[in-house]
Amino acid sequence: MTAPSRPYTDSPAPDVAASERVAADRSTRRPVLLFFHSAVIWLLIGSLLGLVASLKFTFPDWLTGQALWTFGRVRTAHLNAVAYGWASMALIGVAVWMIPRLVRAPLHRPLVATAAAVGWNLFLVLGIGAVLAGWTDGLEWLEIPYPIDAVVAVSGGLMAFSVLMTVARRRTRHFYVSVWYVLAAMVWLPIIFVTANLPVFGGVGQAALNWWYGHNALGLWITSLSLAAAYYLVPKVLGRPIRSYSLSLVGFWALAFFYSLNGIHHLIGGPVPTWLITVSITASVMMVIPVAATAVNFHTTMLGRFGTLRHSPTLAFVVAGAMIYTAASLQGSAEALRTVNRVTHFTHFTVGHAHLGVYGFASMILFGAYYFIVPRLVNWEWPRPALIRWHFWLALGGIALYFVSLTIGGWIEGVWMLDAARPFGDVVSVTKPYLVARSVGGAMMMAAHCVFAYHYWLMVRRRGPEPQEPAWAEGRAAG
Amino acid sequence: MNRYLVIFLGAVATVTFAFLVLVGLPQEQLADVGAPAALRPYSASEQAGRARYVSLGCHYCHSQQVRTPAFGSDSARGWGRASEPDDYVYDRPHLLGTMRTGPDLMNIGVRQPSRDWHYLHLFQPRAVAPYSVMPSFPFLFRVKDQAEMGDVIVNTPPGLVPAGKVLVARPEARELVDYLRAMQHDYDVRAAAGGGR
């Protein structure tokens, strides 16, 4: 990409920097708010679908009158709504908001990014409608049918155009860590999504393709963009830089190399070549390197500043998310080992792990990002701080209950399944109380989302008292 | 880092490398996998049943892969011999699955050859397996006053349908059961037809 003609500076004068931030936020306001509004709605829809799917384990004859509400479809609609609706749209919103600030250039063609948000919603409405109606490609994470995928390909292209052109017009010499992750994610998603949708595979080869995609949708897309947000927000709120540039570099490149090779650990024990599984297990274990690098970097930056957590909801959510990232990743590395996987594969244990990652890590960071970004876009403060506390504790308590119940229940399920003397009926029955506890955890998360959505609605309608000063430590004045 | 190109090329290189290793190489290695002599392609009805299986999302709770005895109790449970890539040559989309909320179905046609069992199980899983958490699929059936010509009547235990009514399998149920009964992978996989291993 050609270098811009204007002079580069990484450290403009404070007043210049402040006015540039205002200009950057003005340029991103419309598309980012549209991405954010949509993400909140998909979060509500997605969690409702998840809760319905979860309750069906306890009430298997509930909502069985039509194919539309059968477990296999509701569960799949849930996954697509939360992964491609909530997480992806919120993450894109955060990325579109961060990039102009980080490269000191207003968003290029905001209208194009806005059109991308409209198209992305169209994709979700058609795609999730198709899944519920029974029209599916049948591959996990790739259920939405090919013709509808074209809609998201175009929308993603528009979004990438707007972001990449903004980067091309940058006025910074240096790219901050968050920019690396955003740029790489914008390259990775189109490559994996288009490749995985090529209709040239079948049988076992298609299974390999399926999980190369599925795990990279998590690793190279959701994780990358979530880390980009955390790398922006933690130093911003604390007012101190990230501890180590070198660790950031190690974290980034090791993630790029190892995460992309993880996928086949979803097929451990399956009818695929053993060397292939071994490659993915090795790469899964090597994920300890980027995870440790990122963890050390975040936690040493936080050192001595944990008191700030009480004053900043953004930081509370992001730090919780970053800690859960470390935990979920280390768990994932352990889970890929053959001895552990022998027990956990095919059980609810895996479902607990997946939710720890996408909810405990990515969603918590996204909630934190909303609390930071939305005041700067609507020029208002969150009117009811108590609701933020409710949101935080319901979400954290919900995922904790969800994770603990499925981890214990899933492990027992796995151990019993390995014991051929246990009839299969016993294996099913033993999980039932844990699945009830999971539904309670899910209901708490749903309640957290209702609180959050209500508060968000108050916020964008600018309800409540006119803010005299920022309600929270990192409010507008802190930039 | 201050070079766009470094990030861009680095990102392309890592993901391409992963694709070549995880998808490209196995594709190459498995290129000469041929259909075993005893494995026949799905009939039209079985294929339609398979499409129904996919559309209802059965594969989110049932795997179709039997692990080796060293790696689990699959064979000891009577789920069949360890699966091989050859067993899947006709499978699009693949349905290997990642959950066993219900049992593996690679050989369900061997374990349960009875059509009546399958119909009853789909209509009300708890009528045959009281512990089951599987959804019931009443929309694959019709409860009628009287059977007509060509209807497939399902023998039900007392109380499952109102007295004086009959339970009839819709074509969707018949195709699905055709598919499930065709899930028989108990042949010798080494006795290959064309291609071999």
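Structural remarks
- Scan of region B:88-110 for residues that are crowded, with 18+ Cβ neighbours inside 10 Å, in a helix (DSSP H, G or I) and more than 7 Å from every other protein chain (Cβ to nearest Cβ), ordered by number: B:ILE108, B:GLY109
- Checked against (1) more than 9 Å from every other protein chain (Cβ to nearest Cβ); (2) surrounded by 24 or more Cβ atoms within 10 Å (Cβ to Cβ); (3) within 18 Å of A:ALA256 (Cβ to Cβ), A:ASN216 passes all but condition (1).
- Total residues in region A:258-294, condition under 13 Å from A:SER333 (Cβ atoms), not polar (S, T, N, Q) and not in a loop (DSSP other than H, G, I, E, B): 12
Yes/no per residue for (1) assigned to a loop (DSSP other than H, G, I, E, B); (2) surrounded by fewer than 24 Cβ atoms within 10 Å (Cβ to Cβ):
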{"position": "A:ALA229", "(1), (2)": "no, no"}
{"position": "A:PRO241", "(1), (2)": "yes, yes"}
{"position": "A:SER248", "(1), (2)": "no, yes"}
{"position": "A:LEU255", "(1), (2)": "no, no"}
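- Against the conditions (1) buried (at least 19 other Cβ atoms within 10 Å of the Cβ); (2) out of contact with any Cys (no Cβ under 7 Å at 6 or more places or on another chain); (3) not hydrophobic (A, V, I, L, M, F, W, C), A:GLY72 satisfies every one except (2).
To keep it simple, each residue is scored yes or no on (1) touching a strand residue (DSSP E or B) at 6+ places or on another chain (Cβ under 9 Å); (2) within 13 Å of chain B (Cβ to nearest Cβ); (3) modelled with pLDDT of 95 or more.
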site: A:ASN197; (1), (2), (3): no, yes, no
site: A:LEU227; (1), (2), (3): no, no, yes
site: A:VAL237; (1), (2), (3): no, no, no
site: A:ALA254; (1), (2), (3): no, yes, yes
site: A:PHE258; (1), (2), (3): no, yes, yes
site: A:ASN262; (1), (2), (3): no, yes, yes
site: A:VAL291; (1), (2), (3): no, no, yes
site: A:VAL296; (1), (2), (3): no, no, yes
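- For region B:47-60, a residue qualifies if it is assigned to a helix (DSSP H, G or I) and either of a type in the set (A, V, I, L, M, F, W, C) or closer than 16 Å to B:GLY102 by Cβ (or both), and the qualifying residues are B:ALA48, B:ALA51, B:TYR53, B:VAL54, B:CYS58, B:HIS59, B:TYR60.
- Any hit, region A:148-158, residues being within 9 Å of chain B (Cβ to nearest Cβ) and touching a residue at least 40 places away in the same chain (Cβ under 8 Å): no
- The residues in region A:47-60 that are surrounded by fewer than 18 Cβ atoms within 10 Å (Cβ to Cβ), at the interface with chain B (Cβ under 9 Å from one of its Cβ atoms) and not in a helix (DSSP H, G or I) can be counted, and the count is 0.
- Some residue of region A:241-251 being hydrophobic (A, V, I, L, M, F, W, C) and at the interface with another protein chain (Cβ under 9 Å from one of its Cβ atoms): yes
- Scanning region A:372-425 for residues that are of a type in the set (Phe, Trp, Tyr) and more than 17 Å from A:GLY441 (Cβ to Cβ) turns up A:PHE372, A:TRP380, A:TRP382, A:TRP416, A:PHE424.
- Considering only residues in region B:22-46 that are part of a helix (DSSP H, G or I) and touching a helix residue (DSSP H, G or I) at 6+ places or on another chain (Cβ under 6 Å), the one that is farthest from the other protein chains (Cβ to nearest Cβ) turns out to be B:SER45.
- Neighbours by Cβ (under 7 Å, 6+ apart or cross-chain): first from region A:12-36, more than 16 Å from A:VAL112 (Cα to Cα) and in contact (Cβ under 8 Å) with a residue 12 or more places away in the chain; second of a type in the set (Asp, Glu) and assigned to a helix (DSSP H, G or I): A:PRO12/A:GLU20
- Selection count, region B:1-21, where residues are more than 7 Å from every other protein chain (Cβ to nearest Cβ) and either touching a residue at least 40 places away in the same chain (Cβ under 8 Å) or part of a loop (DSSP other than H, G, I, E, B) (or both): 1
- Exclusive hit being among the polar types (S, T, N, Q), buried (at least 18 other Cβ atoms within 10 Å of the Cβ) and in contact with an Asp or Glu (Cβ under 6 Å, 6 or more places away or on another chain), set A:THR136, A:THR114: A:THR136
- Screening A:PRO235 with (1) under 21 Å from the mean Cα position of the chain (by Cα); (2) buried (at least 20 other Cβ atoms within 10 Å of the Cβ) gives one miss only, at (2).
One line per residue, one yes/no per condition, for (1) touching a residue at least 60 places away in the same chain (Cβ under 8 Å); (2) among the polar types (S, T, N, Q); (3) within 11 Å of another protein chain (Cβ to nearest Cβ):
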site	(1), (2), (3)
B:SER55	no, yes, yes
B:MET134	yes, no, yes
B:VAL152	no, no, no
B:GLY159	no, no, no
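- Subset of region A:61-79 [outside any helix (DSSP H, G or I) and within 7 Å of chain B (Cβ to nearest Cβ)]: A:ASP61, A:THR64, A:GLY65, A:GLN66, A:THR70
- Selection count, region A:424-465, where residues are at the interface with chain B (Cβ under 9 Å from one of its Cβ atoms) and either under 19 Å from A:ALA39 (Cβ atoms) or without any contact (Cβ under 8 Å) to a residue 60 or more places away in the chain (or both): 6
- Criterion applied to B:SER73, B:SER83, B:SER63 was being surrounded by fewer than 24 Cβ atoms within 10 Å (Cβ to Cβ) and part of a loop (DSSP other than H, G, I, E, B), and the one residue passing it is B:SER73.
- Of the residues making up region B:57-73, those that are more than 7 Å from chain A (Cβ to nearest Cβ) and more than 17 Å from A:VAL204 (Cβ to Cβ) number 4.
- Residue tally, condition assigned to a helix (DSSP H, G or I) and among the aliphatic types (A, V, I, L, M), over region B:119-133: 4
- Of the candidates A:ALA208, A:ALA184, the single residue that is facing chain B (nearest Cβ under 9 Å) and in contact with a Pro (Cβ under 7 Å, 6 or more places away or on another chain) is A:ALA208.
- Verdict on A:LEU63 being without any contact (Cβ under 8 Å) to a residue 12 or more places away in the chain, of a type in the set (A, V, I, L, M, F, W, C) and surrounded by fewer than 22 Cβ atoms within 10 Å (Cβ to Cβ): yes
- Odd one out for B:GLY80 among (1) within 10 Å of chain A (Cβ to nearest Cβ); (2) on the phi > 0 side of the Ramachandran plot; (3) modelled with pLDDT of 95 or more: (1)
- Residue check for B:SER45: in contact with an Asp or Glu (Cβ under 6 Å, 6 or more places away or on another chain) and surrounded by fewer than 22 Cβ atoms within 10 Å (Cβ to Cβ): yes
- Region B:31-58: number of residues that are farther than 19 Å from B:HIS185 by Cα and at pLDDT below 95: 2
- Every pair of residues 6+ apart whose Cβ atoms lie under 7 Å, when the first sits in region A:126-141 and is under 12 Å from A:ASN197 (Cβ atoms) while the second is surrounded by fewer than 18 Cβ atoms within 10 Å (Cβ to Cβ): A:ASP137/A:PRO145; A:ASP137/A:TYR146
The values are calculated or read from the model by the stated rules, or taken from the named source; none is laboratory data. Model, not experiment: these values are computed from the prediction. Please note: Cβ atoms are built from the backbone with ideal geometry, for glycine as well, and neighbour counts cover all protein chains shown.
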